[in-house]
Structures are given as C-alpha cells and as structure tokens.
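**Student:** One structure is given below, represented as structure tokens, and several questions about it will come after.
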Ligand SMILES: [Zn+2]
C-alpha cells in the first residue's frame with residue numbers, strides 16, 4: 001500500500017543542511033512514499049497537493065538528528081543514582097546491565113526511545129548493549145526510529161563484566177547477528193560488528209570482525225580512547241598508540257566508527273583521516289564525567305582534517321540527558337571556552353554533526369541528514385511560539401544556543417509522523433514511567449548496587 005503523502009507548508013525557515021546549506025524562508029517540503037520529493041519556497045510548491053498538509057508558519061524545520069553512540073538498554077531505571085564523588089561508575093554500569101532481564105530491557109528501551117524521539121532523534125546507534133534484540137524489536141518498530149544494533153563481544157580480560165567468548169565464537173555470534181538483523185524494519189534497522197574496544201579484544205578478533213564487516217557490506221564500531229598513558233601502554237604491543245595499533249591490524253577504514261576518541265594526538269588524527277575512519281564524540285558525557293574533553297578533545301582538528309564526526313549521548317547515566325540540541329550546544333561551546341577561541345566549532349558545524357555529518361559517519365549520508373530531494377523524509381519541526389526562540393533572526397544560532405529538545409513539536413521518520421503536536425502514540429507514557437521506576441527498585445535490590453538518595457536529607 002502506498003504511504004500517504006505529506007506536505008509541510010510555509011515553514012518560517014527550512015534549514016536544509018543540503019550541499020549549498022540553503023536556509024529557505026517561507027519554505028515547503030513535499031513527502032511522497034517516505035522520501036522528500038520537493039523542497040522549495042511555499043509559492044513554488046503552491047500547487048503541490050498531499051494527503052495531509054501541516055501548516056508550518058511558526059515552525060523551523062531541520063533534518064532529523066542522528067545519535068552515533070547511545071547505550072539505550074540499561075540506565076533509565078537507575079538514572080541519577082551515581083553520586084558525583086563515585087568516580088568512574090563503569091563497574092556498576094556493567095553489573096547493572098548484566099543483571100537486566102528481557103522484560104526489564106524491553107521497558108527500559110521503550111523509555112529511551114520515547115525520550116530520544118521526543119527530542120528529535122531519528123537514528124541511533126546502540127554500541128552492543130542490547131542483550132535481547134528479539135524482545136526490543138517491537139519497541140524499535142513502534143517508535144518508528146532507525147536503529148543500528150550489534151552484539152558486544154570481547155575475547156580478553158576486562159576490568160568490568162563484559163560478554164567474553166573464545167575468538168571464533170565471538171566472530172560466529174557477530175556473523176549470525178548481522179545475518180539475522182541487518183535490513184529489518186523495512187531497512188530502518190542495520191546490524192554492525194561491535195567489538196567493545198581494542199584493549200578487550202585480541203588482534204585476531206578485531207581483524208576477523210573487520211573482514212566480516214567488509215564481506216557483509218556493513219560497518220564496525222568500538223570504544224576508542226588514547227592519551228599519553230594509553231600510548232605508553234601500546235608500546236608493549238608494538239604500536240605508538242591505540243589508533244596506530246588498529247591501523248597496523250588493518251582495522252581502520254571508511255566503515256569503522258571510533259567512539260569517544262578522546263586523547264588522540266596529531267599522528268592519530270592523521271591516521272584516522274588517512275584511513276577514512278569516522279568518529280562519534282560525546283561532549284556532554286566527557287564534560288560531566290570529567291573525562292577531559294577540554295584538555296584531550298580534538299574535535300576541531302578532526303573536523304579540520306575532514307573526518308566525519310557524529311555526536312552521541314552515550315547513556316542516560318553518562319550524559320545524562322538524551323537531547324541532541326543540548327548535545328550540539330555543548331559541542332559548540334566546549335572548545336570555545338577550553339581554548340579561549342570563539343571561532344571554534346561554529347553553530348553551523350555543530351548542526352552538521354547532529355545531522356548530515358553524523359549521518360555520513362554512520363554510513364547513511366546518501367539516505368538521511370539533509371532536507372533534500374531524494375533523501376528519506378526524516379525531519380524535525382521546532383515550535384518557535386516559545387520564549388526561547390525569540391527574537392528570531394538567525395535560526396541556526398537560535399537552535400544551537402537558545403533552545404533545547406522541548407520545542408520539538410513534530411518528528412517525521414521515513415515520511416511517517418512519529419511525534420505529532422508534542423505527542424506520540426506508541427506508548428502509554430504514565431504507565432511506562434511507573435513500570436521503569438519499579439524496575440529500578442528491583443534492580444537495585446537484586447544487585448545491591450545502590451547509593452544514598454541525596455547528599456541532602458530527603459524527608
Ligand atoms: Zn559506549
């Protein structure tokens with residue numbers, strides 16, 4: 001059955017992020033069969049008819065947002081429990097994740113998707129943390145989003161609980177996962193290879209998974225950090241840095257996405273650029289977790305070398321919000337302050353990372369990331385009848401510096417309206433909130449991972 005057509009009519013601005021970066025005042029977008037069929041000024045599209053017309057006079061339209069590193073499966077039930085003085089919560093994070101049941105993961109995923117979609121996210125990459133994709137498939141389908149999944153594998157010791165297998169089994173599991181899942185949900189679901197990190201995987205495993213990703217014409221992502229200490233440790237493995245280690249193994253390439261990438265030096269940036277690998281950076285996680293984005297982050301240099309840089313929210317217990325607008329805001333202001341240089345990461349560049357550059361980093365640059373004829377129709381309509389959008393002269397500056405996801409009014413994925421007038425219809429929100437709160441109680445009781453509720457007395 002053909003999909004109903006949709007027209008977004010007379011938007012105050014359409015920020016296309018197309019090749020010319022056109023911003024169209026009084027702009028219209030026509031969507032047919034899930035794709036953008038026309039974009040232009042409202043008068044040019046006046047004769048275009050559609051099954052549904054959205055009066056967009058007080059909307060700013062942008063491409064849908066891409067989240068390139070988003071552990072959606074465990075954190076919502078225990079969001080906010082880690083006190084600031086805990087230090088790294090990774091040990092607790094992985095213990096909680098390991099303890100999740102199938103039903104708990106389904107509800108947690110549903111809540112994560114709700115928050116992501118309501119804030120304008122149309123595509124997310126979960127770096128292997130979902131343990132029960134069969135149970136969660138319904139949640140992805142109901143939410144209507146694009147999702148990239150994989151099975152997290154390792155074959156070496158790790159300082160926290162990670163799924164560890166003999167090398168051959170890790171490869172076989174990844175192959176089975178890709179073969180089962182890639183292309184599901186009418187192509188909205190992609191399956192990748194997802195080794196956890198270069199430190200927790202042998203050279204043989206990393207090489208086998210890269211070969212597998214190449215053979216299956218899919219991609220690979222892994223957690224990647226560097227810094228002076230890491231570079232010293234890699235000396236024992238015969239490489240100058242973790243990045244050089246991956247390059248020597250032949251594991252870098254255009255279908256490889258490095259997550260976080262904090263602490264890379266000039267040689268590593270050159271290596272990433274040379275091999276065509278992409279990067280996801282999580283600016284809010286880095287700032288909140290005291291990971292040193294301001295000292296170790298090299299976002300401006302990666303961008304200057306033409307590296308495809310996506311943004312991620314990491315997890316609801318890292319960033320802790322799942323708001324792409326706030327994430328773009330942090331990306332735009334973090335380096336200005338750290339280096340006392342106001343020219344760094346302009347608002348336009350932050351928006352590119354949230355849209356077309358992020359989509360390109362995830363290998364989806366031909367399909368999404370811009371409001372452009374022929375692209376899949378993934379769009380966000382921001383409501384400017386709100387104080388934070390006033391006064392409106394430069395819509396990109398307003399979006400990145402003034403606003404946040406709360407003004408997301410309508411979200412369209414693949415031509416389907418998934419958020420309509422601030423509302424979604426795929427889940428009963430109040431019931432879900434209560435269910436996830438209960439899961440959090442059970443999870444803390446079961447694992448013993450719990451902390452005083454607050455530094456201040458709760459009466
Ligand atoms: Zn991660």
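**Student:** Taking segment 218-255 as the search range and keeping residues that are over 30 Å from residue 188 (Cβ atoms) and in contact with a strand residue (DSSP E or B) (Cβ under 8 Å, 6 or more places away or on another chain), which one is surrounded by the fewest Cβ atoms within 10 Å (Cβ to Cβ)? So that I can check it myself, show each step before the final result.
**Tutor:** At the first step, the residues of segment 218-255 found to be over 30 Å from residue 188 (Cβ atoms) are 225-245, 247-250.
Applying the additional criterion that residues be in contact with a strand residue (DSSP E or B) (Cβ under 8 Å, 6 or more places away or on another chain) yields 225-227, 242-243.
On the way: 225: 20, 226: 24, 227: 18, 242: 25, 243: 30.
Per the stated criteria, the residue is 227.
**Student:** Exactly one of (1) within 16 Å of the ligand (Cβ to nearest atom); (2) in a helix (DSSP H, G or I) is unmet by residue 159. Its number?
**Tutor:** (2)
**Student:** Look at residue 289 and say whether it is closer than 25 Å to residue 73 by Cβ, out of contact with any strand residue (DSSP E or B) (no Cβ under 7 Å at 6 or more places or on another chain) and either in contact (Cβ under 8 Å) with a residue 40 or more places away in the chain or away from the ligand (no atom under 16 Å from the Cβ) (or both).
**Tutor:** Details: closer than 25 Å to residue 73 by Cβ: yes; out of contact with any strand residue (DSSP E or B) (no Cβ under 7 Å at 6 or more places or on another chain): yes; either in contact (Cβ under 8 Å) with a residue 40 or more places away in the chain or away from the ligand (no atom under 16 Å from the Cβ) (or both): yes.
Answer is yes for this residue.
**Student:** Just one of the numbered conditions (1) over 25 Å from residue 283 (Cβ atoms); (2) at pLDDT 95 or above; (3) more than 21 Å from the chain's Cα centre (by Cα) is not true of residue 416; which one?
**Tutor:** With respect to (1) over 25 Å from residue 283 (Cβ atoms); (2) at pLDDT 95 or above; (3) more than 21 Å from the chain's Cα centre (by Cα), residue 416 is out only on (3).
**Student:** Can you pull out the residues in segment 156-198 that are over 23 Å from the mean Cα position of the chain (by Cα), modelled with pLDDT of 95 or more and under 21 Å from residue 90 (Cα atoms)?
**Tutor:** Matches in segment 156-198: 156, 164, 165.
**Student:** Being closer than 30 Å to residue 420 by Cα, at pLDDT below 95, crowded, with 24+ Cβ neighbours inside 10 Å and touching a helix residue (DSSP H, G or I) at 6+ places or on another chain (Cβ under 7 Å): is that true of residue 315 here?
**Tutor:** Values: closer than 30 Å to residue 420 by Cα: yes; at pLDDT below 95: yes; crowded, with 24+ Cβ neighbours inside 10 Å: yes; touching a helix residue (DSSP H, G or I) at 6+ places or on another chain (Cβ under 7 Å): no.
Against the criterion (closer than 30 Å to residue 420 by Cα, at pLDDT below 95, crowded, with 24+ Cβ neighbours inside 10 Å and touching a helix residue (DSSP H, G or I) at 6+ places or on another chain (Cβ under 7 Å)), residue 315 does not qualify.
**Student:** Any chance segment 38-51 includes a residue that's assigned to a loop (DSSP other than H, G, I, E, B) and either in contact (Cβ under 8 Å) with a residue 60 or more places away in the chain or in contact with a helix residue (DSSP H, G or I) (Cβ under 8 Å, 6 or more places away or on another chain) (or both)?
**Tutor:** Taking segment 38-51 and keeping what is assigned to a loop (DSSP other than H, G, I, E, B), we get 42-51.
Then drop every residue that is not either in contact (Cβ under 8 Å) with a residue 60 or more places away in the chain or in contact with a helix residue (DSSP H, G or I) (Cβ under 8 Å, 6 or more places away or on another chain) (or both), which leaves none.
Among the residues of segment 38-51, not one is assigned to a loop (DSSP other than H, G, I, E, B) and either in contact (Cβ under 8 Å) with a residue 60 or more places away in the chain or in contact with a helix residue (DSSP H, G or I) (Cβ under 8 Å, 6 or more places away or on another chain) (or both), which makes the answer no.
**Student:** In the list 62, 130, 121, which residue meets the criterion of being farther than 20 Å from residue 283 by Cα, surrounded by 24 or more Cβ atoms within 10 Å (Cβ to Cβ) and more than 16 Å from the ligand (Cβ to nearest atom)? Walk me through how you get there before you give the answer.
**Tutor:** On the way: 130 fails: more than 16 Å from the ligand (Cβ to nearest atom); 121 fails: farther than 20 Å from residue 283 by Cα.
On inspection, the qualifying residue turns out to be 62.
**Student:** Any chance you could count how many residues in segment 278-294 are in a helix (DSSP H, G or I) and more than 18 Å from residue 66 (Cβ to Cβ)?
**Tutor:** First, pick out the residues of segment 278-294 that are in a helix (DSSP H, G or I): 283-288, 293-294.
The next check asks that each one be more than 18 Å from residue 66 (Cβ to Cβ); those that pass are 286-288, 293-294.
Adding up the residues that qualify gives 5.
**Student:** Follow-up. Hey, among 34, 87, 40, which residue is out of contact with any strand residue (DSSP E or B) (no Cβ under 8 Å at 6 or more places or on another chain) and surrounded by fewer than 23 Cβ atoms within 10 Å (Cβ to Cβ)?
**Tutor:** Details: 34 fails: out of contact with any strand residue (DSSP E or B) (no Cβ under 8 Å at 6 or more places or on another chain); 40 fails: out of contact with any strand residue (DSSP E or B) (no Cβ under 8 Å at 6 or more places or on another chain).
Criteria check complete, one pass: 87.
Condition check ((1) within 26 Å of residue 145 (Cα to Cα); (2) surrounded by fewer than 20 Cβ atoms within 10 Å (Cβ to Cβ)) across all residues:
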{"site": "340", "(1), (2)": "no, yes"}
{"site": "352", "(1), (2)": "yes, no"}
{"site": "356", "(1), (2)": "yes, no"}
{"site": "367", "(1), (2)": "yes, yes"}
{"site": "383", "(1), (2)": "yes, yes"}
{"site": "390", "(1), (2)": "no, yes"}
{"site": "393", "(1), (2)": "no, yes"}
{"site": "413", "(1), (2)": "yes, no"}
{"site": "427", "(1), (2)": "yes, yes"}
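**Student:** Go through segment 176-205 residue by residue and tally those that are in a helix (DSSP H, G or I), within 30 Å of residue 34 (Cα to Cα) and in contact (Cβ under 8 Å) with a residue 12 or more places away in the chain.
**Tutor:** 6
**Student:** Look through 292, 263 and report the one residue that is surrounded by 15 or more Cβ atoms within 10 Å (Cβ to Cβ) and over 22 Å from residue 193 (Cβ atoms).
**Tutor:** 263
**Student:** Residues of segment 423-452 being touching a residue at least 24 places away in the same chain (Cβ under 8 Å) and part of a loop (DSSP other than H, G, I, E, B), which ones?
**Tutor:** Result: 424, 426, 427, 449, 450, 451, 452.
The values are calculated or read from the model by the stated rules, or taken from the named source; none is laboratory data. Bear in mind that the values here come from a model prediction, so they are computed numbers and not experimental data. Neighbour counts are summed over all protein chains in view; Cβ atoms, including those assigned to glycine, are modelled from backbone coordinates with ideal geometry.
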